[in-house]
Each structure stands twice: as structure tokens, then as C-alpha cells.
1. Give me the one-decimal nm value for the distance between modelled label points at T59 and I118, 7 Å along each residue's Cα-to-Cβ direction.
2. Which pairs, out of K149/K311; K103/K149; K86/K308; K43/K252; K41/K353, put more than 24 Å between their alpha-carbon atoms?
3. Find the relative contact order for the stretch 88-144 and round it to a whole percent, using C-alpha pairs within less than 8 Å whose residues are 6+ positions apart.
4. Return the distance in nm (one decimal) between the two label points of a simple spin-label model at K70 and E160, each offset 7 Å from Cα along Cα→Cβ.
5. What area, in nm² and to one decimal, does the C-alpha convex hull of the stretch 294-380 cast on average over all directions?
6. For the stretch 88-144, state the semi-axes of the equivalent ellipsoid (square roots of 5 times the eigenvalues of the alpha-carbon gyration tensor), sorted largest first and rounded to whole angstrom.
7. With +1 on the Cβ of every Lys and Arg and -1 on the Cβ of every Asp and Glu, and nothing else charged, how large is the dipole of the stretch 295-380 about its Cα centre, in debye rounded to the nearest 20?
8. Suppose we keep just the DSSP beta bridges with both residues in the chain; what percent of those would be antiparallel, to 5?
Amino acid sequence: MGIFPFGRSATPIGLDIGTGHFRAAQITPGAATNTLANYAKIKVPVGSVVEGEIIDVETVSQSLTQLWKKSGLSGKDVTIGIASQKVIVRLIELPFMEPNELKGAIQFQAQDYIPIPINEAIIDAQIVNQFLGENDEKMIEVLLVAAQKDLINNTISAVEKAGLRPQVVDLSAFAIVRSLLDDTNTFLPEDDDTSVESATALINIGSGLTNIVVVEDGMPRFARVTPMAGDDLNRAISDALNVSFEVADELKRKVGLPKLTQKEEENPIDPEEGTQEDAVRRVLETQIAYFVAELRRSLDYYLTQATKVRKVSRIILSGNGARLTNITDYLENGLQSKVELGTPLAKIKISPKLEAEALVSEEPSMAIPIGLALQGLNND
């Protein structure tokens, strides 16, 4: 499902336009296994993309041009990911209709479910389930996605100015599901089992945004974006230690969170006391506590809306922020769910032209571009 489909390419490139980096993955189809033919990233000038929204179209366009030149990416057709609080995802129930009737009907129905005026939104919808309602009336469950036009238009403009050809604009949340879970390309329920009591959450921690998506019966049923992400940790370290943002980022990666078994039960010491590494750890512990609380609020909200599910039993973590030392232990402890690192490279081969060992540390950040490239392969 793409918000804004344009066409189809045999070997589309998944393009993740993030706050800190742009990442591109090109996948070629195979009879048994797809192959990662190329992968590249480039650092983004600060302020050109803010909370998932392109602010400086010209700068983004120039950066994309540089990315293509330095990487040797062989195609111009791209599937673009978006993640922003200007995108609304809703599961709604409507009287039964055929898929070919939904497109016209949803334009009249959508305003009841989204806070964006219809004339300012781009809307897409897909039937994901059929069921019998009260009085045995046939009903459909529809996954509704609405995005503000200015968000989409700025994205398309920047990509086209770089000489690229947009094929689909897809939600980054859907791309994460596609690359990290099995049998989710169509987002349809795997079966009619109504006894499901738990769900899987996928959390992608980027620089400027965190994507949260909950999957039930193989289908995304909840998606939310929060601006609390990796850059918040950098800013907190920068403020506490009076160092630059770049130095704070280096310290975050070098020091990381302490092991939970090493945490002191006494009151935290002032960050200015002890070594610099001690101060970094304490700042990170404080910020991760805020982050866990934010995640818990989102997951609790999902559970209040769920009809079959009583808990989120499994969490798959991805994104650049997933590389923070010991973060999985903190999330597992705070959310009371099993937490594991996502492996988007597990189900695809890596071209001999790429350095497989060099991609290992980058793998958590590859979930979105790989998922977008997979969407392009299946776009029809």
C-alpha cells in the first residue's frame, strides 16, 4: 500500500529521507531470494529536514544528487518513505463495498476520521478485513492513510529536482514491517483466528523521529510517530557537559548506557561530578527513562483500542538509535516485553560488489530503505 502511487519499475530504489542521513537501497528480484544490489547513505545538512518534513527543498535535492553520484546507483526510479506527524493512519469500519468502490467512497467518508481538511490531504485506503456486524450486516475494515499535501508535494519536488522519478510514496512504518516481519507484503491477516491475545511492536529510532507500529495478525493496526529520538540524547549530553552536538553524538556512541546490573540504587549524582563517561551514562539513563515512558504511552493507547489483543509481547528494534549500547535491556525492562534487534538483511542476499562486513554495523538503519525497495518490487 502506497500513499501516492505513480508507476512501476523492475528494480526500484528505496529512498529513506531522514533527519540525519539519506539512505538508499536497491534490490534486484530473484527466483528464491532477492539481492541487495547497492546501498548508500549521505549525511544531511542540519535543518534541511525537520521531524520528517523537508524544509529546504533545494538543499535536499542537492544532497540527493550527491548521493547518486557518490554511490553509483544505477536507477532513477525511487520508492520514497515518509514519516511525520502530518500523516494520519486509522483503521475504520464501513458498510461492505467492493474494492473498486472504495476509492470514490472514501473521499466522502474520510473527513469523519481525520483532522486534516479533505482539500488539503492526499488519501489512500485499503480493505484489510471483512466481518459481520450487528444484525449480521456485512462490514469491511479499512486501513486509511491521509497525508497533508504540502508534505507530499515538497517531497516529490525535492526528489524530482534531483533528477529522480518517484514511483510510490510509502509510509516508513509500513516499510519497517515489510523488511522485518515475514509474509507482510500485502498487510493482510494471516488467518481468521480470533484467539490472538498478543501483538508485535516495531520501533525504529532515527535521529529526529521514532516510528512505532503495532502488527496484529500480520497487519499493521497502529502507527504513530514521535519526535523523541536520537538527537534528543545528543542535545541532553551537549547541554549537561557543555560540548558541541557532534561531540555529544560521539560520546553517546562511545559510552552508551551502563548495564542494568551495574546501576546504582541511590540518587543520581550530579552529571558534573565523576568522570565524563559517568556523566554521559547518567544523562543517557535519564533520557531513556523519558523515552520508555513515551513508548509506553503509545503502546498503552493501542491496547485500549484493541479488541482481541491484551498485550504487546514482542518488540523489534531498528534504526540508528538501536545501536546504542544496552538499549534493548532498558526497553525490555521498562516495557515488560521481549525486545530484539531487527535484521533486515536476514532474508536477502548481499551482492558480492558490496562489502558485507561493512554493512553489519549499518544493518539496524537499513530497515526502512530495504522495506521501501521491497514495496517497489511488489508495486502493481
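Nothing in this text is a laboratory measurement; each read-out follows from the coordinates by a stated rule. This is a predicted model, so every value here is computed, not measured. Please note: Cβ atoms are built from the backbone with ideal geometry, for glycine as well, and neighbour counts cover all protein chains shown.
1. Computed distance between label sites T59 and I118 equals 3.8 nm.
2. Numbers: K149/K311 35 Å; K103/K149 18 Å; K86/K308 28 Å; K43/K252 18 Å; K41/K353 16 Å.
From the list (K149/K311; K103/K149; K86/K308; K43/K252; K41/K353), the Cα-Cα distance tops 24 Å for K149/K311; K86/K308.
3. Details: 76 pairs, mean separation 28.1, N = 57.
49 percent.
4. 2.7 nm
5. Details: hull surface 32.0 nm².
Value for the stretch 294-380: 8.0 nm².
6. Working: eigenvalues 90, 25, 18 Å².
Ellipsoid semi-axes (Å, largest first): 21, 11, 9.
7. In total the dipole reaches around 460 debye.
8. On the way: 50 of 73 bridges.
Rounded to the nearest five, the antiparallel share is 70 percent.
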